[in-house]
Amino acid sequence: FLNDVNPEKNADIPAIAKYFSTKGRYEEVNPHLIEDILAVNTSVLQPPSAQCRQIHLTAIIRHGTRYPTAKNVKKMQKLYDLVRSGAPAKDSWLQEIQTQWTMWYTEDMDGRLVQKGVNDHRHLAVRLSKLFPSLISEEKLRGGLIKFITSSKHRCVNSTLSFKAGLTELWGIKDMEFEHAVNDALMRFFDQCTRFVEEVDNNPSALTELDKFKEGPEMKRVEEKMADRLGVPYSHITDDMAEAAFYMCAYEFAIKTVNSPWCRLLDEVDAQVMEYANDLKQYWKRGYGYDINSKSSCTLFHDVFSRLDNVVSQNKLGQQVTEAVTVQIGHAETLLPLITLLGFFKDSDAPTSTNYATQTQRSFRTSLMLPYTANLLLVLYDCGGGDIRLQPLLNEKPVTFPGLADQKASMPLYQDVKKHYRDLLQGCDFETECQIFKHPA
Ligand SMILES: O=P(O)(O)O[C@H]1[C@H](OP(=O)(O)O)[C@@H](OP(=O)(O)O)[C@H](O)[C@@H](O)[C@H]1OP(=O)(O)O
């Protein structure tokens, strides 16, 4: 499969593809992959000296490209019915939707991994083996030094199988199978954090900023422009319809790599508004909006750092590192709280329903942070003489720990990283953070 023809290579990319937020293709954040899906640039790692050896990799990865959830298929069906029931169109793209395009999304697809998602993980596995050849190696896989942990959701389990298949196909391994552990306490912590569930997830007022934005002037304008393009009264286009059009374009592109006629319903200005609405959802539901969003990931945070500590101690004692690589596969809801807890992509002002115009330069953009197969990589290096460093990468690109930016390149000393996160390392207790405090009446 190393000679796979990349169907994305010559694809006609919708102008709005870079705004698809959590429904975006990984290739949009790493465009060089469009040309060669297995390309890696090891020079981005830049260890401070040639002496540095990679001793461990933890990779926390979102599942690959998936079908829409049942909830969103329903919205897409409603939009399709509306467009089909309209008067015969003059525009050829609209005629195409009315006469040639058929609604093929069904509710039972409900967020399942698609073939493109299988490939996303197979290809990522091969790229990571090229980026970290001493860690992701056949010898280490066969020796049981590469561990896999996944959320129980079908799309994550299937992504895990695809990641493993990427490696076994690469090395032609046919005589062995490799296990994975299903661990929802670690990968779906959000479901088990009572305080998060009650105060955010099930709290209708938690997303007021998003709700108000959907009723605001920017969204209204998107809806009116869409109604004009469709030739229907303004009252027929709701915020759900605009969202459905955005999803139609996004899913047709992510799943089938086609620039579908649905993309004609939104221009770039509209897509930026839709992207902002999605960013509001992610910010308030999984990001900086509420403290509990990030605190719900305390268990995962401690799991990562205790593993890194074990590796450092084994290495110090000259023992073999027993967990050279840990691959953990979860959701956008797994990655974003952890990215937030670590302080990445924090802007000075919170995005709200009224500050769209001043948020254009925000760093919190889920299109860049959380496409399908988004990944946070933490790489430990031994640079000799007790000099242990930790490098963070997001989506295969080095990033710097916020507040540690002046450290040598993007690879601070592990002890400095631990000092920086001291409060979280000493606290951030899942049980304490996630319990609901009952105040006396
Ligand atoms: O908007 P949908 O229904 O697709 O929302 C999904 C989540 O997708 P996201 O909002 O992150 O694009 C999905 O996360 P994923 O990483 O597994 O794709 C999440 O698991 C699922 O529960 C849906 O969340 P929602 O609360 O129903 O919006």
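In debye, nearest 20, what is the charge dipole magnitude of the chain about its Cα centre with +1 on Lys and Arg Cβ and -1 on Asp and Glu Cβ, if you could check?
With only Lys, Arg, Asp and Glu charged at Cβ, the dipole is about 460 debye.
What residues qualify as long-range amide H neighbours of T69, i.e. H under 5 Å apart, gap of 5 or more or another chain, H built at 1.01 Å from N?
G111
With unit charges on the beta carbon (Lys/Arg positive, Asp/Glu negative), name the residue among T102, S92, A70 whose Cα is farthest towards the positive pole of the charge dipole of segment 67-106.
A70
Among Q328, Q319, Q282, determine the one that fluctuates most according to a GNM of the chain built with springs between C-alpha atoms less than 10 Å apart.
Between Q328, Q319, Q282, it is Q319 that shows the largest mean-square fluctuation.
With only alpha-carbon pairs counted, each pair once and no self-pairs, how large is the Kirkwood hydrodynamic radius of segment 186-236 in angstroms?
About 13.6 Å, per the Kirkwood formula over Cα pairs.
Ranked highest first by the average count of other Cβ atoms within 10 Å around their residues, in what order do 154-160, 391-397, 70-76 fall?
Going by the mean number of other Cβ atoms within 10 Å, highest first, we get 154-160, 391-397, 70-76.
Treating each Cα of segment 43-167 as an identical point scatterer and ignoring solvent, apply the Debye formula and state log10 I(q)/I(0) at q = 0.20 Å⁻¹.
At q = 0.20 Å⁻¹ the computed log10 ratios are -1.10.
State the cysteines of the chain left without a partner when partners are defined as other cysteines whose beta carbon lies under 4.7 Å away.
Cysteines of the chain left without a disulfide-compatible partner: C156.
Spelling out what I want: for every residue of segment 49-60, take phi, set θ = phi - 60°, compute 6.51 cos²θ - 1.76 cosθ + 1.60 (Karplus), and round to whole Hz; glycine and proline get x.
9, 5, 5, 5, 10, 6, 10, 7, 10, 10, 10, 10
Compute and list, largest first, the equivalent-ellipsoid semi-axes of segment 185-344 from the alpha carbon gyration tensor, each √(5λ) rounded to a whole angstrom.
They are 41, 20, 11 Å, listed from largest to smallest.
Positive end of the charge dipole of segment 106-207 (Lys, Arg +1 and Asp, Glu -1 on Cβ, about the Cα centre): tell me which of F196, G111, P133 has its Cα farthest that way.
Sorting the options by dipole projection puts first P133.
Can you tell me, using C-alpha contacts under 8 Å and at least 6 residues apart, the relative contact order of segment 72-176 as a whole percent?
29 percent.
Report, in degrees rounded to the nearest 10, the 0 to 90 angle that the Cα long axis of helix 239-256 makes with the longest principal axis of the chain.
60
Using the Cα centre of the chain as origin and beta-carbon charges of +1 (Lys, Arg) and -1 (Asp, Glu), tell me which of H154, A15, V379 is placed farthest towards the positive end of the dipole.
Highest projection toward the positive end goes to V379.
In percent, how large is the relative contact order of segment 195-310, given Cα pairs closer than 8 Å and 6 or more residues apart?
Relative contact order for segment 195-310 comes out at 28 percent.
Over the chain, with a Gaussian network built from C-alpha contacts below 10 Å, which listed residue (G216, G343, G64) shows the highest mean-square fluctuation?
Of the options given, G216 has the highest mean-square fluctuation.
Work out from phi, with θ = phi - 60° and the Karplus expression 6.51 cos²θ - 1.76 cosθ + 1.60, the ³J(HN,Hα) of each residue of segment 290-299, listed in order in whole Hz, and give x for Gly and Pro.
Along segment 290-299, the couplings run 10, 4, 5, 4, 6, 5, 5, 8, 3, 4 Hz.
Short version: ³J(HN,Hα) in whole Hz for each residue of segment 225-235, in order, from phi by Karplus 6.51 cos²θ - 1.76 cosθ + 1.60 (θ = phi - 60°), x for Gly and Pro, what are they?
4, 5, 4, 4, 5, 8, x, 10, x, 3, 5
Sort the following peptides by mean Cβ neighbour count (other Cβ atoms within 10 Å, averaged over residues), highest first: 40-49, 122-131.
Listed from highest to lowest mean packing, they are 122-131, 40-49.
Ratio to report: Rg/Rh of segment 108-159, with Cα atoms as the point set and Rh obtained by the Kirkwood method; give two decimals.
1.06
How many Å² of accessible area per residue for the chain, probe 1.4 Å?
It amounts to 43 Å² per residue over the chain.
In deg cm²/dmol and to the nearest 500, what is the mean residue ellipticity at 222 nm of the chain if only DSSP H runs of at least 4 residues count, each as -39500 (n - 2.57), divided by the residue total?
-12500 deg cm²/dmol
When the Kirkwood radius is taken over all Cα pairs of segment 276-376, what Stokes-Einstein diffusion coefficient follows at 37 °C and 0.692 mPa s, in µm²/s?
Answer from the Stokes-Einstein relation: 215 µm²/s.
Dipole of segment 99-187, Cα-centred, from +1 at each Lys and Arg C-beta and -1 at each Asp and Glu C-beta, to the nearest 20 debye?
300
Using only the Cα atoms, what convex hull volume per residue in Å³ does segment 347-412 have?
Dividing the Cα hull volume of segment 347-412 by its residues yields 103 Å³.
Could you work out the per residue convex hull volume over the alpha carbons of segment 216-298, in cubic angstrom?
108
Quick check: convex hull over the Cα atoms of segment 57-100, volume per residue in Å³, rounded to an integer?
Hull volume over Cα atoms, normalised by residue count, gives 105 Å³.
Compute the FRET efficiency between T99 and D184 as 1/(1 + (r/R0)^6), taking r as their Cβ-Cβ distance and R0 = 60 Å, and round to the nearest 0.05.
With R0 = 60 Å, the Cβ-Cβ based efficiency is 0.85.
Taking N as the number of residues in the chain, what value does Rg over Cα atoms divided by 2.2 N^0.38 Å take?
Rounded to two decimals, the normalised Rg is 1.02.
Tell me the Kirkwood hydrodynamic radius of segment 301-441 in angstroms, computed as one over the mean inverse distance between distinct C-alpha pairs.
Across segment 301-441, the inverse of the average 1/r is 17.4 Å.
Can you compute the radius of gyration and Dmax for segment 66-134, using only the Cα atoms, both in Å?
Considering segment 66-134 through its Cα atoms, Rg and Dmax are 18.5, 62 Å.
Let me know the shape class of segment 144-222, please: from the alpha-carbon gyration tensor, a ≥ b ≥ c as square roots of the eigenvalues, rounded when a/c is under 1.5, otherwise prolate if a/b is greater than b/c, or oblate.
Because a/c hits 1.5 or more and a/b fails to exceed b/c, segment 144-222 counts as oblate.
Can you give me the long-range amide H partners of F148? Hydrogens built in the peptide plane at 1.01 Å from N, cutoff under 5 Å, separation of 5 or more residues or another chain.
The list, which skips near neighbours in sequence, is A181, V327.
What whole-number distance in Å separates the alpha-carbon centres of segment 71-122 and segment 235-272?
10
Over segment 271-386, what is the mean sequence separation of C-alpha contacts under 8 Å (at least six apart), divided by residue count, expressed as relative contact order in percent?
34
Would you work out what percent of the accessible area of the chain, with all protein chains in place, is carbon or sulfur (probe 1.4 Å)?
Result for the chain: 49 percent of the exposed heavy-atom area is carbon or sulfur.
What order, most packed first, do the peptides 346-359, 237-250 have when packing is the mean number of other Cβ atoms within 10 Å of each residue?
The packing order, highest mean first, is 237-250, 346-359.
Taking Cα atoms, how many degrees apart are the long axis of helix 70-85 and the longest axis of the chain, rounded to 10 and kept between 0 and 90?
30
The values are calculated or read from the model by the stated rules, or taken from the named source; none is laboratory data. Since the structure is predicted, the reported quantities are computational estimates derived from the model, not experimental observations. Glycine also receives a Cβ, built like all others from the backbone with ideal geometry; neighbour counts cover every protein chain displayed. Protein only, heavy atoms only, side chains kept; ligands, DNA and RNA dropped before computing areas. Shrake-Rupley method; radii C 1.70, N 1.55, O 1.52, S 1.80 Å.
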